[in-house]
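Notes for the one structure printed next.
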Amino acid sequence: MKEKTGACVCGNVTYSITGEYTGVVSCHCKSCQRYHGNYNPMIVANVEDVALKGDISWFASSESAERGFCAACGSALFKRQTAGPKLLVLIPWRQVV
C-alpha cells in the first residue's frame, strides 16, 4: 500500500503512515459533527505504523477518545481511543479519491 503523508496548515505537524492502514471510516457521531462541522473521512492505522512529528496537543473529547491538533495553527489531525492500538488520521479531501 502506498505511504500516506500529510501535514497541518502551517507545516508544524507532519505525519507518515508507513504500514498497512486497516480501513477508512466516515464517522457521523455528534462529537465528530461538532468538531469538524460535518462528518470527516479518517484512515484507521495502527499507532506503531504512524510517525508523528511536531507539537501536537491532545484533548479528551469524550470518556473514551482524544483528539490531536497542531498546537500552532489548530488544524484538526487525529483521533485516538484512550485505550486502544488504533489511530484515526484525518484525510485531506484531495486524497479521498
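The values are calculated or read from the model by the stated rules, or taken from the named source; none is laboratory data. Only a predicted model underlies this, so the values are computations on that prediction, with no experimental measurement involved. Cβ: placed from backbone, ideal geometry, glycine included. Neighbour counts: every protein chain shown.
Does any residue of the stretch 70-87 turn out to be modelled with pLDDT of 85 or more, among the hydroxyl-bearing types (Ser, Thr, Tyr) and in contact with a Phe, Trp or Tyr (Cβ under 7 Å, 6 or more places away or on another chain)?
Yes, that holds for at least one residue.
What residue, of ASN38, ASN12, is part of a loop (DSSP other than H, G, I, E, B), surrounded by 11 or more Cβ atoms within 10 Å (Cβ to Cβ) and either in contact with a strand residue (DSSP E or B) (Cβ under 6 Å, 6 or more places away or on another chain) or not β-branched (Val, Ile, Thr) (or both)?
Exactly one residue qualifies, and that residue is ASN12.
Considering (1) within 13 Å of the chain's Cα centre (by Cα); (2) modelled with pLDDT of 90 or more; (3) not in a strand (DSSP E or B), say which one ALA51 fails and leave the rest.
If we test ALA51 against (1) within 13 Å of the chain's Cα centre (by Cα); (2) modelled with pLDDT of 90 or more; (3) not in a strand (DSSP E or B), just (3) comes out false.
Hey, can you tell me all the residues within the stretch 32-48 that are at pLDDT below 75 and either hydroxyl-bearing (Ser, Thr, Tyr) or under 14 Å from GLY68 (Cα atoms) (or both)?
The answer is CYS32, TYR35, HIS36, TYR39.
When both residues are 6+ apart or on different chains and their Cβ atoms are under 7 Å apart, which pairs have a first residue that lies in the stretch 53-67 and is among the hydrophobic types (A, V, I, L, M, F, W, C), and a second that is assigned to a loop (DSSP other than H, G, I, E, B) and loosely packed, with under 14 Cβ neighbours inside 10 Å?
That search, which allows pairs on different chains as well, returns ALA65/THR82.
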